[in-house]
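In what follows, a single structure is set out as structure tokens and then discussed.
The values are calculated or read from the model by the stated rules, or taken from the named source; none is laboratory data. A quick note: this is a predicted structure, and the numbers were derived from the prediction, not measured. All Cβ positions, even for glycine, are placed from backbone atoms using ideal geometry, and neighbour counts span all protein chains on display.
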Amino acid sequence: MSRASLDEARTHTFAEAIAEAHILVTTGAGGVGKTTTAAAIGLAAARAGRRTLVLTIDPARRLAQSMGLEGLGDEPALVELGDDLPEGGELWAMMLDMQTTFDRLIDRHAGSAEEARSIKANRIYRTLSSTLSGTQEYMAMERLHELHEAGEWDLLVIDTPPTRSALDFLDAPNRMTSFLEGRLLKLLLKPGMVAGRGIGKVVGAGATAFMRVAGRVTGMDLLQDLATFFRDFEGMYDGFKQRAQEVLELLRDPGSRFVVVTSPEPPPLREAKFFLERLEQEGLHAAGVVVNRIRPEVPQDPSEAALQRAVDELERADDPEGPASAAVLRLLNDVRNLAGRQRRDVTAALYSTNVDTLVEVPLLGGDIHDLDGLGVIATTLMTGRNG
Ligand SMILES: Nc1ncnc2c1ncn2[C@@H]1O[C@H](COP(=O)(O)OP(=O)(O)OP(=O)(O)O)[C@@H](O)[C@H]1O
Ligand SMILES: [Mg+2]
């Protein structure tokens, strides 16, 4: 994309996506404002008359409080926004409960209620479901799929977890299925090699004697758990794989769009660029880029030279307020330079990407922890201006 079209992207807003998309996923590097943006999009959509649900992941405590999310479980709750919403406009919010989501997945795919119970009680499962890398991302997608199937909302806004890299999110279903597909698992799943038919066969006869001894002291229960786990998972593999496929298809639908959030610093910007490229490769749709916490632009007048002159004059003048005024002017100049540099960095990073909406959200004073703060961001996303 040429410079002119990135400038053009700066003239577009998220109003259309917020009015029309069925799923919006906020993604980006750690700490850039994904959760805040997801909540603000939800608010904007409710104000636009849509029944909206925001699925947040680990929201900051005060944001959760202000949305009435604290202490809530896995179910959507209505956010109190007062009476001035248009007909049909509602904001619902919930937090992702990974364990509950994973448990439901087991219930769905297990061969029987007994098998589901056995897996859920298994220590290997309990550990795996909370520590396997990518599980949180996968469960967010899984929950999205469930909510989509429920069909109760006009728009679902999905926050993504604070991952090391934004790309982890897209890789999660593959990672999950390739784990389940893994060689170790296949080996253990071979008929005749599962628990109940002799764990000795799994580890080889040589180890059996050792384990018989070790098992008496410790560890045998764990090995038993491991073997049972793999046995119980055997029948679920296809279900998982198919579900992962369905989730990806849902995300490929033109009604599903990704909102790429970044701060104006080069490392998150680089990630935003990679992510946009990846979306294109995967046939997924970008709604656009939010450059969050950018310094507001300072009016170009007075010129740098005029500013310097003013500073010099103030410092020379026989005025007790002079030095303070000069310091303020210097600060203004610094802010202006920083604001200019941030915009150049954004352009340099995203210059060649195919992005048609770019909205700058200013760094607001203090954290965004109440509905007023979210309201300012919601307005900016809709109009491109924060006033
Ligand atoms: N435009 C803004 N102005 C001022 N503060 C902001 C702005 N956007 C976000 N913040 C603050 O920055 C912090 C991080 O935001 P947020 O939790 O949304 O980021 P995140 O990308 O979801 O982080 P994580 O990767 O940890 O999930 C929060 O304290 C939030 O209130
Ligand atoms: Mg977050």
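Checked against the criterion of being without any contact (Cβ under 8 Å) to a residue 60 or more places away in the chain, more than 30 Å from Pro268 (Cβ to Cβ) and more than 16 Å from ligand 2 (Cβ to nearest atom), the candidates Glu115, Glu90, Glu16 yield just one match: Glu90. Residues that are within 19 Å of Gly31 (Cβ to Cβ) and assigned to a helix (DSSP H, G or I) were ranked within the range 353-379; the one that is farthest from ligand 1 (Cβ to nearest atom) is Leu374.
Determine if the range 262-276 includes at least one residue that is in a strand (DSSP E or B), assigned by TED's automatic domain parsing to the domain that holds Ala9 and within 25 Å of Ala339 (Cα to Cα). Looking for residues that are in a strand (DSSP E or B), assigned by TED's automatic domain parsing to the domain that holds Ala9 and within 25 Å of Ala339 (Cα to Cα), one finds at least one in the range 262-276, hence yes.
Of note, Glu87 satisfies the criterion of being outside any helix (DSSP H, G or I) and either loosely packed, with under 14 Cβ neighbours inside 10 Å or in contact with a helix residue (DSSP H, G or I) (Cβ under 7 Å, 6 or more places away or on another chain) (or both). Among the residues of the range 229-244, is there at least one that is exposed (fewer than 14 other Cβ atoms within 10 Å of the Cβ), in the same structural domain as Thr27 (by TED's automatic domain parsing) and either charged (D, E, K, R) or out of contact with any helix residue (DSSP H, G or I) (no Cβ under 8 Å at 6 or more places or on another chain) (or both)? Within the range 229-244, one or more residues are exposed (fewer than 14 other Cβ atoms within 10 Å of the Cβ), in the same structural domain as Thr27 (by TED's automatic domain parsing) and either charged (D, E, K, R) or out of contact with any helix residue (DSSP H, G or I) (no Cβ under 8 Å at 6 or more places or on another chain) (or both). For the range 95-104, the condition holds for at least one residue, the condition being that it is in a loop (DSSP other than H, G, I, E, B) and more than 26 Å from Glu234 (Cβ to Cβ).
All of (1) at pLDDT 90 or above; (2) farther than 21 Å from Glu271 by Cβ hold for Arg62 with one exception: (1).
Determine if the range 318-335 includes at least one residue that is surrounded by 14 or more Cβ atoms within 10 Å (Cβ to Cβ) and within 16 Å of ligand 2 (Cβ to nearest atom). No, that holds for no residue. Could you check the range 340-352 and list, in sequence order, the residues that are of a type outside the set (D, E, K, R) and either outside the structural domain of Arg295 (by TED's automatic domain parsing) or outside any loop (DSSP other than H, G, I, E, B) (or both)? Hits for the range 340-352 are Gly340, Gln342, Val346, Thr347, Ala348, Ala349, Leu350.
For the range 353-387, a residue qualifies if it is of a type in the set (Ser, Thr, Tyr) and within 16 Å of ligand 2 (Cβ to nearest atom), but none of them does. When the residues of the range 336-370 are narrowed to those that are in contact with a Ser or Thr (Cβ under 7 Å, 6 or more places away or on another chain) and crowded, with 21+ Cβ neighbours inside 10 Å, which ends up farthest from Arg47 (Cα to Cα)? Looking at the filtered set, the residue picked out is Thr357. In the range 1-43, of all residues being in a strand (DSSP E or B) and among the aliphatic types (A, V, I, L, M), the one that is nearest to ligand 1 (Cβ to nearest atom) corresponds to Val25. Would you confirm, using the coordinates I've provided, whether Ala60 is assigned by TED's automatic domain parsing to the domain that holds His145, over 26 Å from Arg278 (Cβ atoms), in contact (Cβ under 8 Å) with a residue 40 or more places away in the chain and within 12 Å of ligand 2 (Cβ to nearest atom)? Taking the combined requirement at face value, the residue satisfies it.
If I filter the range 292-305 down to residues being surrounded by 11 or more Cβ atoms within 10 Å (Cβ to Cβ) and hydrophobic (A, V, I, L, M, F, W, C), which single residue comes out as modelled with the lowest pLDDT? Result: Val298.
Residue-wise test of (1) within 16 Å of ligand 2 (Cβ to nearest atom); (2) surrounded by fewer than 20 Cβ atoms within 10 Å (Cβ to Cβ); (3) touching a residue at least 12 places away in the same chain (Cβ under 8 Å); (4) not assigned by TED's automatic domain parsing to the domain that holds Gly151.
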residue	(1), (2), (3), (4)
Gly30	yes, yes, yes, no
Arg47	no, no, yes, no
Arg50	no, no, yes, no
Met67	yes, no, yes, no
